[in-house]
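The values are calculated or read from the model by the stated rules, or taken from the named source; none is laboratory data. Not measured: the values here are computed from a predicted model. As a convention, Cβ positions derive from the backbone with ideal geometry for all residues, glycine included, and neighbour counts pool all protein chains shown. What goes into the accessible areas is simple: the full protein's heavy atoms, side chains included, and nothing from ligands, DNA or RNA. Shrake-Rupley method; radii C 1.70, N 1.55, O 1.52, S 1.80 Å.
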Amino acid sequence: MDDITVYAYADGPLGEMLLTGRLSAGGRAVLRSLSLPGQKGGAAVGDGWVRDQGAFAEAAGQLEEYFAGRRERFGLPLDREAGTEFQRRVWAALEEIPYGATVSYGEIGRRVGVAGAGVRAVGTAIGRNPLLVVRPCHRVIGADGTLRGYAAGPERKRSLLDLEGALA
């Protein structure tokens, strides 16, 4: 099967989300990115992409459950080939942050074996996370508790953390 990019839109409280991916041999969508309107570095529909709302029905349903407070963890097939090896390690660490919890950038650095000035690279890798909401980079905050860096904006980060009850 040719690697054709499929996409769909899903409504949510943070705006219309763009979901992109490819179809597996079984016809199930493998999610490559989830972008929010105005997101820094977010995906945009490309030439030759095929709109297929049905391919992302499962993802849209899980997102709806999450935003309604009925889902704490996503169970979707994700594209694990995107990014560099370092980015994939950082992104895997993001997926281990529990719902309703926050960790610092330094803690993610420790989890992937990076310290000191290397934490800046961790922040860059987190900023390039192509799967907002699903891969919970919004759960990473500054060591002093401040809401730092979120590609879709700090107000959306706060909104997601409020939804999860992560902010005091």
Here the net charge surrounding Ala8, from other residues whose Cβ is less than 14 Å away from its Cβ (Lys, Arg +1; Asp, Glu -1), is -1
About its Cα centre, what dipole magnitude does the chain give when the only charges are +1 on Lys and Arg Cβ and -1 on Asp and Glu Cβ, stated in debye to the nearest 20?
-> 520
Here the percent of antiparallel bridges among DSSP beta bridges lying wholly in the chain, to the nearest 5, is 65
Report the relative contact order of region 1-136, percent, no decimals, based on alpha-carbon pairs under 8 angstrom and at least 6 residues apart.
-> 23
Angle between the chain longest axis and helix 57-67 axis [Cα atoms, degrees, rounded to 10] = 30
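Determine the shape class of region 89-135: with a ≥ b ≥ c the square roots of the Cα gyration tensor eigenvalues, call it rounded for a/c under 1.5, and otherwise prolate if a/b is greater than b/c, oblate otherwise.
Details: a/c = 2.07, a/b = 1.38, b/c = 1.50.
Judged from the Cα gyration tensor, region 89-135 comes out oblate (a/c at least 1.5, b/c at or above a/b).
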With a probe of 1.4 Å, find how much accessible area the chain has per residue, and write the answer as a whole number in Å².
-> 50
Under 12 Å, Cβ to Cβ, from Asp79 - net charge with Lys/Arg +1 and Asp/Glu -1 = +3
Principal-axis tilt of helix 154-163 within the chain, Cα atoms, nearest 10 degrees | 90
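Within the chain, what's the longest stretch lacking GluC sites (Glu not before Pro) that sit in DSSP loops with no more than 13 other Cβ atoms inside 10 Å?
Result for the longest clean stretch: 97-168.
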Listed residues Ala25, Ala125, Ala59, most fluctuating in the chain (Gaussian network, C-alpha, under 10 Å) = Ala25
Kindly express, to the nearest 10 degrees and within the range 0 to 90, the angle between helix 85-95's C-alpha long axis and the longest C-alpha principal axis of the chain.
-> 80
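Taking all protein chains as present, what is the carbon and sulfur share of the accessible area of region 44-114, in % to the nearest whole number, probe 1.4 Å?
Its accessible area is 47 percent carbon and sulfur atoms.
If exposed means no more than 16 neighbouring beta carbons inside 10 Å and the site is in a DSSP loop, what's the longest run of the chain without any exposed chymotrypsin sites (Phe, Trp or Tyr not before Pro)? List each step's numbers first, then the result.
On the way: sites that count: Trp49, Tyr99.
In short, 100-168.
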